[in-house]
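Taking it in order: structure first as structure tokens, then the write-up.
The values are calculated or read from the model by the stated rules, or taken from the named source; none is laboratory data. All figures in this text were calculated on a predicted structure; none of them were measured in a lab. Cβ sites come from the backbone with ideal geometry, for glycine too, and all protein chains shown count toward neighbours.
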Amino acid sequence: MDLTLNRKSPLPIHVQLKAQLAHLIQAGQLAPGTRLPTVRQLAGFLRINRNTVAKVFAELEREAYLSCEPGRGTFVSRPKAEAGARSEKMRALLTVVDAAMEKAQHLGFSSGEFAAALYARAHSAPTPSRVRKVPALFVECNRPQLTRFSAELREALPLRLDSLLIEDLERMVRRAPRSLRRYALVVTTFFHAHELQRLLADTGMEVVALLAEANLETLMRLTALPKGTKVGVACNSWAGTENVKLSIQNAGLNHLRLVPGCGGETESLRRMVKEASVVVCSSLAAEKIRGLAPQGTQIIVDDRRLDRSGIEMLRQRLGALAARDGGRRRAAVRSAP
């Protein structure tokens, strides 16, 4: 049950000490009711400042790990009713941390460097309560991708996000273009970038395009196919099918013969599966294709995800917009009579 403090680590000493004591309590190595050394004793033993130990004890008491009883000492708190559920969550969290640490080690980073990076990231990123969400509109050509990509963006970024199909946006631009003023920007995928820029040219709206990336496993499987293989390509809309088809072509897989189909048109799927021995499709289209394809047809489900680097660039842009709007609000307050 050692406490190890690394004075050369970029992690502050009080952070190291608090994390280790909390872990010992959560793991049951410091049982409820255990009396801890005094602030003076622990500081002397670890050869650190008493104020550091006092700060750690105070924080752990606020978080209900410890209870300080005047005249008696500092004790490990007895768990409350909800402690069991919290302990389960903590074990799940530690599993996530262990997996991330293993990845960091594969990249050549030590556990200390990983801990320092995690600490720096946590303290440099704004807390959720302080993040100013930017109003934005996400636009796509088909409902499944609209729903999936919108959920990705809401989970990853500080956005107040509305979503529209392109056809609905076209109606909005014709009938009520001023309603777009509520949004700081419009987000779409690269496939529709030029289309939206033309559509919104007179509104002055900023259009940000993100790449919908192909699954790496899909590309590897397609690359391994023999020259001349007929590959069916199908999404739930023709626009989605064309998007996947262009991705395959742009990857340089010119040895394949692509046969397009559409999940919304059953007859096109029938024609496609008669020709193709391999089919690349979305999960929604796959349900229909499995009922139509001959036995032995290889079906590769390829649901696109938004490119991570593109999302990070969008995060930086949102930060700039939030800072700009915050500055305007502060200026308005200062100038108010």
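Observations on the model:
- From the list D168, D202, the lone residue that is in the same structural domain as A323 (by TED's automatic domain parsing), part of a loop (DSSP other than H, G, I, E, B) and surrounded by fewer than 15 Cβ atoms within 10 Å (Cβ to Cβ) is D202.
- Cβ pairs under 7 Å, 6+ apart, first in the stretch 48-63 and acidic (D, E), second surrounded by fewer than 18 Cβ atoms within 10 Å (Cβ to Cβ): E61/S67; E61/C68
- Annotation note: of L17, L42, the sole residue that is assigned by TED's automatic domain parsing to the domain that holds A116 and either under 17 Å from S77 (Cβ atoms) or within 40 Å of the chain's Cα centre (by Cα) (or both) is L17.
- Selected residue (criterion: modelled with the highest pLDDT) from residues of the stretch 204-239 that are closer than 30 Å to P135 by Cβ and touching a Pro at 6+ places or on another chain (Cβ under 9 Å): C235
- Filtered residue count, the stretch 146-166, keeping only those that are in contact (Cβ under 8 Å) with a residue 24 or more places away in the chain and under 10 Å from the mean Cα position of the chain (by Cα): 4
- Within the stretch 230-258, being out of contact with any strand residue (DSSP E or B) (no Cβ under 6 Å at 6 or more places or on another chain), of a type in the set (S, T, N, Q) and more than 18 Å from D307 (Cα to Cα) holds for N236, S237, Q249, N254.
- Evaluated against (1) touching a residue at least 12 places away in the same chain (Cβ under 8 Å); (2) assigned by TED's automatic domain parsing to the domain that holds R78, N6 falls short on exactly one condition, (2).
- Qualifying residue in the stretch 223-239 (condition: loosely packed, with under 12 Cβ neighbours inside 10 Å, within 28 Å of the chain's Cα centre (by Cα) and not assigned by TED's automatic domain parsing to the domain that holds C141): no
- Selection count where residues are hydrophobic (A, V, I, L, M, F, W, C), in a loop (DSSP other than H, G, I, E, B) and surrounded by 18 or more Cβ atoms within 10 Å (Cβ to Cβ), scope the stretch 130-151: 1
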